[in-house]
Amino acid sequence: MGHKLKKTVAASEIAQWCGLTLIGADFNVESVGPLSKHGDGVLCFSKAIPDDPLQGQTILIAHAAAAKKAPCVLVAATPRLVFARVLDQIEKNVGFERPSADPIIHPTAQVSPHAFIAQGVEIGARSAVMPFAFIGEGTRIGEDCIIKSGAVIGQDGFGFERDEDGLPLRLVHLGFVEIGHNVEIGSLTTICRGTLDNTVIEDHAKVDDHVHVAHNVHIGVGAMVVACAELSGGVILGRGSWVGPNSTVIQQKRIGVGSLVGIGSNVLKDVPDGVTVAGNPAKVLPLKA
């Protein structure tokens, strides 16, 4: 559960590194993860007070009031910023476990000798990775996939949190990229690794050339993303959806099942299932008679 540290460290020690107040038990931190995957020894953060009490020996970075719902709280007025600082200190003082195994490439896969394949990568049967593609650590590529020349998969996304002086602090990225079967990734397209969760591209999805897919995006089965489109962090594309050329979807928005985003649109709100949106900002188009 979560992303493991190279060795455990007490919550009280982390509090000392970052000048934080600890409320509750002094548990050992074994890994970090999103709040949805909290558990024994997992360090998480929350901007809001959790609705339900957290089970097990969870260590939570949150406002002081969250102590009513968590057994161990590192108090923070700005939880996401403090979490970014804590991850940075863990990286410097302890380190996280990173993939170290050699790539596993199926004998039927065709991987160009001019492609870069990092540690811990898995590439399935009959998949093709063309020259000058970059496949970052821990990336999993399924069967019958095509990764075109110059694609960059699995490097850190554009994840920052501004500090008190307005300066951006980089978030340590610990997630990976999961690519299903029969997926195509175009030339000069970027698929960023996740922060804590993974970036996921499901079976039969097609991503065109010059597309940017940010961290933690989830592209559903059979969805299509066309040239020069941009999907910001945490965007969810429903099954069979279509995002047109030069379109932008801002962070954390959902494109519904079977919906279509018109050329050059800017999506600022969730899109329901089965509709077409277009424009800036994108709006639902009326059905033709």
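The values are calculated or read from the model by the stated rules, or taken from the named source; none is laboratory data. Fair warning: this is a prediction, and the values are worked out from it, not measured in the lab. Glycine gets a Cβ as well: all are built from the backbone with ideal geometry, and neighbour counts include every protein chain shown. Remember, those area values only see protein heavy atoms, side chains included, never the ligands or the DNA or RNA. Shrake-Rupley method; radii C 1.70, N 1.55, O 1.52, S 1.80 Å.
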(message) Classify the chain from the C-alpha gyration tensor, please: rounded if a/c falls under 1.5, else prolate or oblate depending on whether a/b exceeds b/c.
(response) oblate
(request) Assuming R0 = 30 Å, can you tell me the calculated FRET efficiency for the pair Lys4 and Ser112, based on Cβ-Cβ distance, to the nearest 0.05? (result) 0.35
(message) Test of understanding: given the chain, find the longest segment containing no GluC sites (Glu not before Pro) that are in a DSSP loop and have at most 13 other Cβ atoms within 10 Å.
(response) 165-289
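Looking at the range 1-96, what % of its DSSP beta bridges pair antiparallel, to the nearest 5?
The answer is about 45 percent antiparallel.
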(request) At a Cα cut-off below 12 Å, give the aspartates and glutamates reachable from Lys148, other chains included and same-chain residues fewer than 8 away excluded. (result) Glu184, Asp208, Asp209
(request) Check cross-link reach from Lys283 to the lysines: straight Cα distance under 19 Å, and skip same-chain residues fewer than eight apart. (result) Lys253, Lys269
(request) Please calculate the 1.4 Å probe accessible area of Ile14, with all protein chains present, and give it to the nearest 10 Å². (result) 0 Å²
(request) Give me the aspartates and glutamates in straight-line cross-link reach of Lys37: C-alpha distance below 12 Å, same-chain residues under 8 apart excluded. (result) Asp197
(message) Using a Förster radius of 25 Å, what is the FRET efficiency between Ser36 and Asn246 based on their Cβ-Cβ separation? Nearest 0.05, please.
(response) 0.15
(message) For a quick check of understanding: with a 1.4 angstrom probe and all protein chains in place, what accessible area in square angstrom does His210 have, to the nearest ten?
(response) 100 Å²
(message) Could you report the accessible area of Phe132 in Å², rounded to 10, computed with a 1.4 Å probe on the protein chains as they sit in the structure?
(response) 140 Å²
(request) Give me the number: length gained by fully extending Gln119 to Asp88, i.e. 0.36 nm times residue separation minus the C-alpha to C-alpha distance, one decimal in nm. (result) 8.9 nm
(message) Heavy atoms only, 1.4 Å probe, whole protein assembly: order Ile123, Ile49 by accessible area, highest first.
(response) Ile49, Ile123
